[in-house]
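Beneath this line is the structure, given in structure tokens, with notes to follow.
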Amino acid sequence: MSDLRELYQDVIFDHYKKPRNCHVLDCANHQADGFNPLCGDQLTVYLKVEHGVITDLSFKGSGCAISTASASLMTEALKGKKIDEVEDLFEDFHHMVTTPEDAPHPELGKLEVLAGVSEFPARVKCATLAWHTLQAALKNQNQPATTE
Amino acid sequence: MRSESNKVLREAATPADVARWRDDFPILQETISGEPLVYLDNAATTQKPQSVLAAEADYYRHTNANVHRGVHTLSQRATDQYEAARGKIARFINAAGSNEIIYVRGATEAINLVAQSFARPRLKPGDEILISAMEHHSNIVPWQMVCEQTGALLKVVTINDAGEFEFESFERLLGPRTRLVALTHLSNALGSIVPIERVIELAHSSGVPVLIDGAQAIAHLTVDVRALDCDFYAFSGHKIYGPTGIGVLYGKAALLDAMPPYQGGGDMIRTVTFEKTEYNELPYKFEAGTPNIAGAIGLGAALDYVGAIGIATIAAHERDLLDYATREVSAIPGLTIVGSARDKASILSFTLAGTHPHDIGTILDHRGVAIRAGHHCAMPVMQRFGLSGTARASFALYNTRAEVDTLVAALHQVTEIFQR
Ligand SMILES: Cc1ncc(COP(=O)(O)O)c(C=O)c1O
């Protein structure tokens, strides 16, 4: 039960029920589709990148509480970030969601509410789908990103 | 004709019977997050009774040798057991003979074998293969592949909102270019039973052969291939309490005889020279290479186990569980059952408003309840109902009403967590 509460925190429900930046971004200059073949979840990530900075981003799609909240939190966390910073941030995030009982991650800010995912290995792909899709969008690959 | 024995009203098994059956399955002693395992993912794969585990272990301890090759004692023993299992399979589905039982890896390989060895050489551009809208991907993709190879077309029989096979759609689509009908016997995503007796009769009246995907049905319905008169019947051992990696293609001998081999290699030949190879007789023509010997023997043990209890008894017990579960979950606010066919078995697919199946699965798992969440390898079914996935509880002979109660309590917890 305690693990469940860790996973399904209020912040996560808030972002699941009222996802931020959940719309098509008309001015986007990068976008990619993401797909989790395991559960059929699909989302699209849109990015506006100017002079190496993510000036705006959004996502659209349907998914579980974890993947939707993770996408929503990601869009909040990355607005205004330099694209050079994204890789390190994703690495830290990935480490957090795959490493049980890890040290705190102050550098991840609000994203830390997803730390509970590390106790649920079957859900790591839900938490990272938006991030994988974001990476694909930055590379402007036309191939849909998958969690595989 | 539909499996008369399924219709016979039987006393449902007593709780004492079920308790005894449960003792046969060591894995049911497992705990998950400190809770007793409630295994309701039987449509994905079933658990294995002690007798199956022992048959495989005994084979490796006392018998292991290659089959159809050696003069030594173990090889003879292995061959005898391997072939005895084939005989058990033939009797279980009432095939005319063991030579109509081809060992394969599972239903998937069985269907691919028919697609490549039976359908492919016969299909011309514009010919048609008929399937239904509730097929598992493994009864869709092999046909798409053969259509691509030959220019044939795939036609899809519709299903109604209850998830029932629409016979009128089938009658409309069965035409002069139809070369094969390939249908599931029991839908893994919806639990619907397809009226395959009528389908086979009508198809045959137009001279069209029929393949039945029995991956789900084999453990829940009586299957008599001669009474059905189906041309091919495919199933996997692991869904009927047997090992993974072993399955069966039943085919009428006359059809199998006329088909070219599926794969080349050892055991499937009579003589080989570099000029010409003569193929072995049935069923060996389709069994190239060293097979899953232990798996075949394990499957034989699984069919012995099921046969001793009786499919009709198992079906009656599962019917009771399905009815009970259907009633109980219907009281959960926001829960919608997906698939309400009148003729249904062993599978309860559902959605919960505002809650993704994946989240349901995680929370249930925390209470020890194993279900499947997602598209169940039947994405067209999900599209038909406008869903990305469902949660699915599926029953087997060792499940109990108490386990259904645990499922229902856990689902209430899901709604609590998600409504806060
Ligand atoms: C209806 C149906 N057909 C085919 C299959 C494929 O079986 P296997 O993966 O064992 O080959 C399944 C398994 O889920 C199934 O449910």
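Hey, among B:135, B:168, B:109, which residue is under 22 Å from residue B:195 (Cα atoms), of a type in the set (D, E, K, R) and part of a helix (DSSP H, G or I)?
Working: B:135 fails: part of a helix (DSSP H, G or I); B:109 fails: under 22 Å from residue B:195 (Cα atoms).
When all the criteria are applied, what remains is B:168.
When you scan the stretch B:366-375, do you find a residue that is in contact (Cβ under 8 Å) with a residue 12 or more places away in the chain, closer than 22 Å to residue B:192 by Cβ, part of a loop (DSSP other than H, G, I, E, B) and in the same structural domain as residue B:43 (by TED's automatic domain parsing), even just one?
At the first step, the residues of the stretch B:366-375 found to be in contact (Cβ under 8 Å) with a residue 12 or more places away in the chain are B:366-375.
Imposing the further condition that a residue be closer than 22 Å to residue B:192 by Cβ reduces the set to B:371-375.
Now narrow it down to the ones that are part of a loop (DSSP other than H, G, I, E, B): B:371, B:375.
Subsequent filtering for residues that are in the same structural domain as residue B:43 (by TED's automatic domain parsing) retains B:371, B:375.
So far as the stretch B:366-375 goes, yes, one or more of its residues are in contact (Cβ under 8 Å) with a residue 12 or more places away in the chain, closer than 22 Å to residue B:192 by Cβ, part of a loop (DSSP other than H, G, I, E, B) and in the same structural domain as residue B:43 (by TED's automatic domain parsing).
Which is in contact with a strand residue (DSSP E or B) (Cβ under 8 Å, 6 or more places away or on another chain), under 28 Å from residue B:299 (Cβ atoms) and within 16 Å of the ligand (Cβ to nearest atom), of B:101, B:131? Spell out how you get there, then give the answer.
Numbers: B:101 fails: within 16 Å of the ligand (Cβ to nearest atom).
None of the other options fit; the residue is B:131.
Given the conditions (1) part of a strand (DSSP E or B); (2) away from the ligand (no atom under 11 Å from the Cβ); (3) within 18 Å of residue B:100 (Cα to Cα), report the number of the one that residue B:235 does not fulfil.
Of (1) part of a strand (DSSP E or B); (2) away from the ligand (no atom under 11 Å from the Cβ); (3) within 18 Å of residue B:100 (Cα to Cα), only one is false for residue B:235: (2).
Residue by residue, here is whether (1) away from every other protein chain (no Cβ under 14 Å); (2) over 15 Å from the mean Cα position of the chain (by Cα) holds:
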| site | (1), (2) |
| --- | --- |
| A:42 | no, no |
| A:53 | yes, yes |
| A:59 | yes, no |
| A:66 | no, no |
| A:71 | no, no |
| A:74 | yes, no |
| A:82 | yes, yes |
| A:87 | yes, no |
| A:94 | yes, no |
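Of the conditions (1) assigned to a helix (DSSP H, G or I); (2) within 11 Å of residue B:248 (Cβ to Cβ); (3) within 16 Å of the ligand (Cβ to nearest atom); (4) among the aliphatic types (A, V, I, L, M), residue B:85 clears all except one; give me its number.
With respect to (1) assigned to a helix (DSSP H, G or I); (2) within 11 Å of residue B:248 (Cβ to Cβ); (3) within 16 Å of the ligand (Cβ to nearest atom); (4) among the aliphatic types (A, V, I, L, M), residue B:85 is out only on (3).
Does any residue of the stretch B:242-252 turn out to be over 25 Å from residue B:309 (Cα atoms), over 12 Å from the mean Cα position of the chain (by Cα) and in contact (Cβ under 8 Å) with a residue 40 or more places away in the chain? Break it down stepwise before answering.
First, the residues of the stretch B:242-252 that are over 25 Å from residue B:309 (Cα atoms): B:251-252.
Next, only the ones that are over 12 Å from the mean Cα position of the chain (by Cα) stay: B:251-252.
From the residues that got through so far, the ones that are in contact (Cβ under 8 Å) with a residue 40 or more places away in the chain too are B:251-252.
Yes.
Among the residues of the stretch A:129-138, is any within 14 Å of chain B (Cβ to nearest Cβ), within 30 Å of residue B:372 (Cβ to Cβ) and under 13 Å from the mean Cα position of the chain (by Cα)?
Pass one, the stretch A:129-138, residues within 14 Å of chain B (Cβ to nearest Cβ): A:129.
Cutting the leftovers down to within 30 Å of residue B:372 (Cβ to Cβ) gives us A:129.
Add one more test, that the residue is under 13 Å from the mean Cα position of the chain (by Cα), and what stays is A:129.
Checked the stretch A:129-138: at least one residue is within 14 Å of chain B (Cβ to nearest Cβ), within 30 Å of residue B:372 (Cβ to Cβ) and under 13 Å from the mean Cα position of the chain (by Cα).
Collect the residues in the stretch B:22-52 that are of a type in the set (A, V, I, L, M) and either in contact (Cβ under 8 Å) with a residue 40 or more places away in the chain or assigned to a loop (DSSP other than H, G, I, E, B) (or both), keeping them in residue-number order. Give the derivation first.
If we filter the stretch B:22-52 for residues that are of a type in the set (A, V, I, L, M), which is where we start, we get B:27-28, B:32, B:37-38, B:40, B:43-44, B:52.
Listed by number, the residues that qualify are B:28, B:32, B:37, B:38, B:40, B:43, B:44, B:52.
Looking at (1) more than 14 Å from every other protein chain (Cβ to nearest Cβ); (2) crowded, with 16+ Cβ neighbours inside 10 Å, can you tell me which one residue A:24 breaks?
(2)
Does residue B:229 satisfy being more than 16 Å from the ligand (Cβ to nearest atom) and more than 20 Å from the chain's Cα centre (by Cα)? If you could, list the steps in order and put the result at the bottom.
Values: more than 16 Å from the ligand (Cβ to nearest atom): yes; more than 20 Å from the chain's Cα centre (by Cα): no.
Criteria not met by residue B:229.
The values are calculated or read from the model by the stated rules, or taken from the named source; none is laboratory data. As the structure is a prediction and not an experimental result, all values here were calculated from the model. Positions of Cβ are backbone-derived with ideal geometry, glycine not excepted, and every protein chain shown enters the neighbour counts.
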